[in-house]
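Reviewing the structure listed below.
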Amino acid sequence: MVKKTMLKEFKEFAMRGNVLDMAVGFIIGAAFTSIVNSLVNDIIMPIIGLLLGDVDFTNLFLILSEGTPPGPYATLASAQAAGAVTVNYGIFINAVISFLIVAFSIFLLIKSFNKLEFKKPDLPPATTTKACPFCKTEIHLEANRCPNCTSQL
């Protein structure tokens, strides 16, 4: 009995619109992350590396313990193949730049969405007066007699 109730509650939770929207957001976010990673690794970082004197950030590393054969190692891949223990700060720099690009893109997306958000038009205030059918002066809606011409309404 408890399992059926929990299963029913989980089904109700999972079928809510917000959960489905969140799932779609995660899927789009994963696809967007791969695009941003490609942008950073394949376009931005080579340009930055070229501007800084032909530096490849993915090959910036610090050797903590040499492998077999001992270094120096030209690339991170060769150091890892030799079994060296490395601190890969170049990959970390790429990750930070990717994060900044994703954060800035999300900022721009939310900013543009907020501009598109439609505001409800201001409704005119409710009327509290009406025109007297005899003298045409403004009187209160609930008046039974006009205070100006004393006509019965």
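Worth a mention:
- Scanning the range 37-52 for residues that are surrounded by 11 or more Cβ atoms within 10 Å (Cβ to Cβ) and either basic (K, R) or over 13 Å from N94 (Cα atoms) (or both) returns a single hit, L50.
- Restricting F107, F134 to those that are part of a helix (DSSP H, G or I), aromatic (F, W, Y), surrounded by 10 or more Cβ atoms within 10 Å (Cβ to Cβ) and without any contact (Cβ under 8 Å) to a residue 40 or more places away in the chain reduces the list to F107.
- Test: residue in the range 65-74 that is charged (D, E, K, R) and under 27 Å from L39 (Cβ atoms): no
- Neighbours by Cβ (under 6 Å, 6+ apart or cross-chain): first from the range 92-104, in the same structural domain as N59 (by TED's automatic domain parsing); second among the polar types (S, T, N, Q): S98/N37
- Within the range 131-153, considering residues that are over 53 Å from the mean Cα position of the chain (by Cα) and among the aliphatic types (A, V, I, L, M), the one modelled with the lowest pLDDT: L153
- Pair list, Cβ under 6 Å, 6 or more apart: the range 70-82 residue without any contact (Cβ under 8 Å) to a residue 60 or more places away in the chain, other residue of a type in the set (G, A, S) and not in a loop (DSSP other than H, G, I, E, B): Y73/A79
- Residue in the range 53-67 that is touching a residue at least 12 places away in the same chain (Cβ under 8 Å), assigned to a strand (DSSP E or B) and surrounded by 14 or more Cβ atoms within 10 Å (Cβ to Cβ) present: yes
Each row is one residue, and each column tells you yes or no for (1) at negative phi; (2) at pLDDT 85 or above; (3) of a type outside the set (F, W, Y).
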| position | (1), (2), (3) |
| --- | --- |
| S112 | yes, no, yes |
| F118 | yes, no, no |
| P121 | yes, no, yes |
| A126 | yes, no, yes |
| T129 | yes, yes, yes |
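The values are calculated or read from the model by the stated rules, or taken from the named source; none is laboratory data. Here the structure is a predicted model, which is why all the values come from computation and not from measurement. In this analysis, Cβ positions are derived from the backbone assuming ideal geometry, glycine residues included, and neighbour counts consider all displayed protein chains.
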